[in-house]
Every structure is written in C-alpha cells, then in structure tokens.
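The values are calculated or read from the model by the stated rules, or taken from the named source; none is laboratory data. Predicted model only: the values in this text are computed from it and were never measured. Ideal geometry is used to build each Cβ from the backbone, glycine not excepted, and the neighbour counts take in all protein chains shown. Note: areas computed on protein heavy atoms with side chains; ligands, DNA, RNA excluded. Shrake-Rupley method; radii C 1.70, N 1.55, O 1.52, S 1.80 Å.
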Amino acid sequence: MNLTFHAYSDDSGSSDKRFQCLGVISLSEETAVLLRKELRQILEEKHLEELKFEELRGHSTKMRAASCFIKQSINYCVKGLMRIDVLLWDHQDERHSVRGRDDTENLERMYYKILVYVARRWNKIGWWFFPDEQSGVD
C-alpha cells in the first residue's frame, strides 16, 4: 500500500481585499490517479481539452463539465477518499490587522496552518504538495 498523499492548493491571491482564502484538496496518490482519469474522461466526452472555472460563464458545455467535476469530487469526499479544506481569514480581524503586516509572510503562515491540519486529519506523513502556480508563496 502506497503511503504517499497529494495536496493541491489554490489561494485567492488578493491581499488587497478584506477577505483572503486558501483551499487544499487532498487525497492518496492512487485516488489522485483514478480521479484524474475520470475527470479526463469527462473532458473527452464533452470534447474539451481543459476546464478553467474562470471561463465557465456563458459556455454551456463547460458548465456541464464543471457540474460533473463537482459531482465526482463530492462523491469522492463522501466516500472518504478525498478532502476539501478551506481556510478563510479577515484582514480586519485583530490577528491579521497588524501595522506593517507582511502579506506574503502571513499567507505562508496560513499555508503552514492548513497543511498541518490536513496532514493531521489524514494522519499521514508522506506528502507531495502541488501549490497553485500563481501563488504569491515561493
């Protein structure tokens, strides 16, 4: 049995806004391979090469594919094969509303908090981490 788990993240990337969020999808490597195959099959059935949620508006085929993606993901979560965790914070909260706050350092701290939480929930130590390519965190 492979003990390697995957964590995929995306952050809002909007430190100039009041609220910022960070989401992490986590699952075993085997489950990631299976889910990726199923999501590719949905794309093929809809004759799409990729699906970017920012491009959904007004595109019915992509909307249907996104709906299938969400349903499949929920099924995996219900079965306990995948987790979706989201951390949301308010820059005006006293813990974040600090004079001279370093937003990049704060985001790194939030990444640490959510990844530790996710690892503890799975009770696993072998991880591959795939952060969003556009993240402000190195």
Legend entry - the chain, dipole about Cα centre (Lys/Arg Cβ +1, Asp/Glu Cβ -1), debye to the nearest 20: 620 debye
Legend entry - Accessible area in square angstrom per residue, the chain, 1.4 angstrom probe: 71 Å²
Legend entry - Stretch gain in nm, segment LYS79-TYR112, where the contour uses 0.36 nm per residue and the Cα spacing is subtracted: 9.2 nm
Legend entry - For the chain, share of DSSP beta bridges that run antiparallel, in % to the nearest 5: 75 percent
Legend entry - Within the chain, helix-based [θ] at 222 nm, where runs of 4 or more DSSP H residues each add -39,500 (n - 2.57), nearest 500: -14000 deg cm²/dmol
Legend entry - Whole-Å distance, taken between Cα centres, linking the stretch 24-56 and the stretch 104-131: 22 Å
Legend entry - Label point distance in nm, LEU88-LEU48, each placed 7 Å from Cα along Cα→Cβ: 2.4 nm
